[in-house]
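Please read the structure below before turning to the comments.
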């Protein structure tokens, strides 16, 4: 929990600094919902979830010349049960091209840290290493309706091999497994009220590692789903 609090403070300071430096250029929101995680052959578990996100336009581009906006932001995700569920923290920067008044496309290069829980199997405690990821997801947004207040957002990417870091629970007794394949997909539907917005989000994330000595009973194989709804501020 101390690690979560420290990461939360860092991300919140990052978002606050961006907001202060670039007023009237971004969003910050908080969402509540439920997270579902399944590791290997263990039973799926669910827990309440809080997700804090923020994004600012660091540099406005000349849309007529076809240049993109430069954006930056971050995310902090906290489950109510860290014994069976992951906590996630990320910062990102990227480019967003506004093709029309309604459609935006771009990519967000982000660094994400995932705090992995330990598991008990056959009476023995297994400590997973934490994961650090470099992600380059494609970002799409479409606004529709007469006033373009309704918006749909989609984001997703394959995952690269993660960097393993020793968790606070202790090092894993086994060598780190090799990544087979992984990906994440996220979709949101929302409505912009002007100063405020509301949205709902669903995401699925999947990691599959090789069935070697470092992945007993597939305990590193991980499927995560979450569904949230919340409100945010346009500043």
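The values are calculated or read from the model by the stated rules, or taken from the named source; none is laboratory data. These numbers were taken from a predicted model, which means no experiment stands behind them. Positions of Cβ are generated from backbone atoms using ideal geometry, with glycine treated the same way; all protein chains shown enter the neighbour counts.
Laid out as a table, the results:
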read-out: Complete set of residues in segment 182-227 that are surrounded by fewer than 15 Cβ atoms within 10 Å (Cβ to Cβ) and at positive phi; value: 194
read-out: One residue from 177, 158 being within 18 Å of residue 114 (Cα to Cα) and under 14 Å from the mean Cα position of the chain (by Cα); value: 158
read-out: Residues that are modelled with pLDDT under 95 and within 21 Å of residue 111 (Cα to Cα), drawn from segment 140-159; value: none
read-out: Selected residue [out of contact with any helix residue (DSSP H, G or I) (no Cβ under 8 Å at 6 or more places or on another chain) and either free of Cβ contacts under 8 Å to residues at least 60 places away in the same chain or crowded, with 18+ Cβ neighbours inside 10 Å (or both)] from 233, 179, 174; value: 179
read-out: Subset of segment 59-96 (residues that are outside any loop (DSSP other than H, G, I, E, B), surrounded by fewer than 16 Cβ atoms within 10 Å (Cβ to Cβ) and touching a strand residue (DSSP E or B) at 6+ places or on another chain (Cβ under 7 Å)); value: 59, 63, 93
read-out: Residues of segment 145-171 satisfying the condition of being surrounded by 15 or more Cβ atoms within 10 Å (Cβ to Cβ) and part of a loop (DSSP other than H, G, I, E, B); value: 159, 162, 169
